[in-house]
1. Just a yes or no: is a residue in segment 124-133 among the hydroxyl-bearing types (Ser, Thr, Tyr) and more than 21 Å from PRO61 (Cβ to Cβ)?
2. Considering only residues that are in contact (Cβ under 8 Å) with a residue 24 or more places away in the chain and under 17 Å from the mean Cα position of the chain (by Cα), which ones fall in segment 127-145?
3. Which one is surrounded by the most Cβ atoms within 10 Å (Cβ to Cβ) among residues in segment 42-54 that are modelled with pLDDT of 95 or more and hydroxyl-bearing (Ser, Thr, Tyr)?
4. Test of understanding: among GLY88, GLY27, which residue is modelled with pLDDT of 90 or more, part of a loop (DSSP other than H, G, I, E, B) and loosely packed, with under 13 Cβ neighbours inside 10 Å?
5. Working carefully through the options VAL97, VAL142, VAL110, find the one that is among the hydrophobic types (A, V, I, L, M, F, W, C) and within 14 Å of LEU54 (Cβ to Cβ).
6. Hey, which of the strands (runs of 3 or more DSSP E) in segment 96-160, taking only ones fully inside, have at least 3 residues that are hydroxyl-bearing (Ser, Thr, Tyr) and over 16 Å from PRO75 (Cβ atoms)?
7. Of the residues that make up segment 55-74, is at least one modelled with pLDDT of 85 or more, surrounded by fewer than 12 Cβ atoms within 10 Å (Cβ to Cβ) and outside the structural domain of GLY145 (by TED's automatic domain parsing)?
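The values are calculated or read from the model by the stated rules, or taken from the named source; none is laboratory data. What you are looking at is a predicted structure, and each value in this text was computed from that prediction instead of being measured. For neighbour counting, all protein chains shown are included, and Cβ atoms are generated from backbone atoms with ideal geometry for every residue, glycine included.
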Amino acid sequence: MRILVKTPDGGVYDVTDPRLAAELGTGLRVMRLGRGAFDAMPVSVISDSTVAALCALARVPASALRFRPNIVVTPESGTPFQEDDWAGSAVRIGAAVVRIDRRDSRCTIVNVDPATGRPDSRLLKAIGTARGTRAGVYATTVQPGLIRVGDPVIAERGAATDSA
């Protein structure tokens, strides 16, 4: 299957055409993968306290963007890794309900500083040492619904009440 890309200048190139790469310039790379480029599960959830704890351990600026989450929660207790306790339960976030399927095994993308694009391996090393590469959780949508900043986050068994 041929994949064509139309550029802002009106050029149409095959995704593998070196002229496309030349027009895009340095710092951007287009790849043809035999599959989609997506995460392992539909929803990724992490707490801001988990992000802060791991970034502090790695001595990198705290940024949830490094973890590419769909949802960032703020635990009332401020305790990191609280989302691990939700595995196997349903969690209501605003009007939505997600099932927490498993802990999230992190890959090298956390090493890329979202502000600069520069790689730095300290964060993944810290996650590997402290958490066996796991940080945050993966979830599946059980009930779609609107989620707003500040909405309550309630584990089905009532064990946690936080905010998105």
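1. Of all residues in segment 124-133, those among the hydroxyl-bearing types (Ser, Thr, Tyr) come to 129, 133.
Checking which are more than 21 Å from PRO61 (Cβ to Cβ) leaves us with none.
Checked segment 124-133: no residue is among the hydroxyl-bearing types (Ser, Thr, Tyr) and more than 21 Å from PRO61 (Cβ to Cβ).
2. ILE127, ARG131, THR133, ARG134, ALA135, GLY136, VAL137, TYR138, ALA139, THR140, THR141
3. Looking at residues that are modelled with pLDDT of 95 or more and hydroxyl-bearing (Ser, Thr, Tyr), I get SER47.
4. On the way: GLY27 fails: modelled with pLDDT of 90 or more.
Criteria check complete, one pass: GLY88.
5. Numbers: VAL97 fails: within 14 Å of LEU54 (Cβ to Cβ); VAL142 fails: within 14 Å of LEU54 (Cβ to Cβ).
Answer to the check: VAL110.
6. Details: elements: 96-105, 134-143, 152-155.
So the answer is 134-143.
7. no
Quick grid of which residues meet (1) at pLDDT 90 or above; (2) in contact with a helix residue (DSSP H, G or I) (Cβ under 8 Å, 6 or more places away or on another chain):
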residue	(1), (2)
LEU123	yes, yes
GLN143	yes, no
LEU146	yes, no
ASP162	no, yes
